[in-house]
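A short write-up of the structure that comes next.
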Amino acid sequence: YCESAKHYDFTWFEMQHSALEFKDIEAMIAACPRVAATPMIRLPDAQEWHIQHTTDIGCLGVVVPTVDDIERAGEAARWSRYPPTARRSSGSGQYNTIWGPVQPPGGNYRDTINDNMLVTIMIETPTGVANAYDIARLPGVDVVIQGNNDLSSFSGFKQGSPEYEVLVKKVHD
């Protein structure tokens, strides 16, 4: 991880489809704090405890898959940032040890993380496509991406087919 992370803008830790656990990712981040690649985790869902663990171990981004509506997207945004912007609790992880000392003078992790957290939502179903505009404009959602294979699976349309491309364009637009 430390060697690879020097060469990229971000590291996507995969927890939706892997056996990685929070303790594994926490150890990697702690092994080389302040590496160039921003650490992000793709979670299996938008549950508060998953997002709290993600932020407590020092990740600066969450990726939430298979989002169908603004309620689920709102959960991701809500638990990723501190009040008054959102509802994240103070936690007690390694995040301040890793990121606190590199903040601007007079600032610290708690004061700046709301502006530095990246919440990425994945659209992978026709329902998500139908709600993509509302999801994208939700405060706290920073990025909307599309899961091509799952969108094909959930829609029943082959990638590249005219029907599939209509869905892709709608998410894009």
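Might you check whether a residue that is under 18 Å from T112 (Cβ atoms), within 13 Å of the chain's Cα centre (by Cα) and open to solvent by 30 Å² or more (accessible area, probe 1.4 Å) occurs anywhere in the range 29-52? Checking the range 29-52: at least one residue is under 18 Å from T112 (Cβ atoms), within 13 Å of the chain's Cα centre (by Cα) and open to solvent by 30 Å² or more (accessible area, probe 1.4 Å). Filter the range 1-17 down to residues that are hydroxyl-bearing (S, T, Y) and open to solvent by 50 Å² or more (accessible area, probe 1.4 Å) and give me whichever is nearest to A73 (Cα to Cα). The selected residue is Y8. Which ones in the range 119-144 are hydrophobic (A, V, I, L, M, F, W, C), without any contact (Cβ under 8 Å) to a residue 40 or more places away in the chain and under 22 Å from H50 (Cα atoms)? Within the range 119-144, A136, V143, V144 meet the criteria. Identification of helices (runs of 4 or more DSSP H) wholly contained in the range 101-173 with 2 or more residues that are modelled with pLDDT under 95 yields 109-116. With the structure loaded, tell me whether A37 is over 21 Å from N131 (Cα atoms) and not basic (K, R) or whether it fails that test. Answer is yes for this residue. Residues that are in a helix (DSSP H, G or I) and closer than 23 Å to T66 by Cβ within the range 25-45 comprise just one, I25.
The values are calculated or read from the model by the stated rules, or taken from the named source; none is laboratory data. Quick caveat: nothing in here was measured; it's all calculated off a predicted structure. As a convention, Cβ positions derive from the backbone with ideal geometry for all residues, glycine included, and neighbour counts pool all protein chains shown. To get the accessible areas, we keep the full protein, side chains included, count just its heavy atoms, and leave off ligands, DNA and RNA. Shrake-Rupley method; radii C 1.70, N 1.55, O 1.52, S 1.80 Å.
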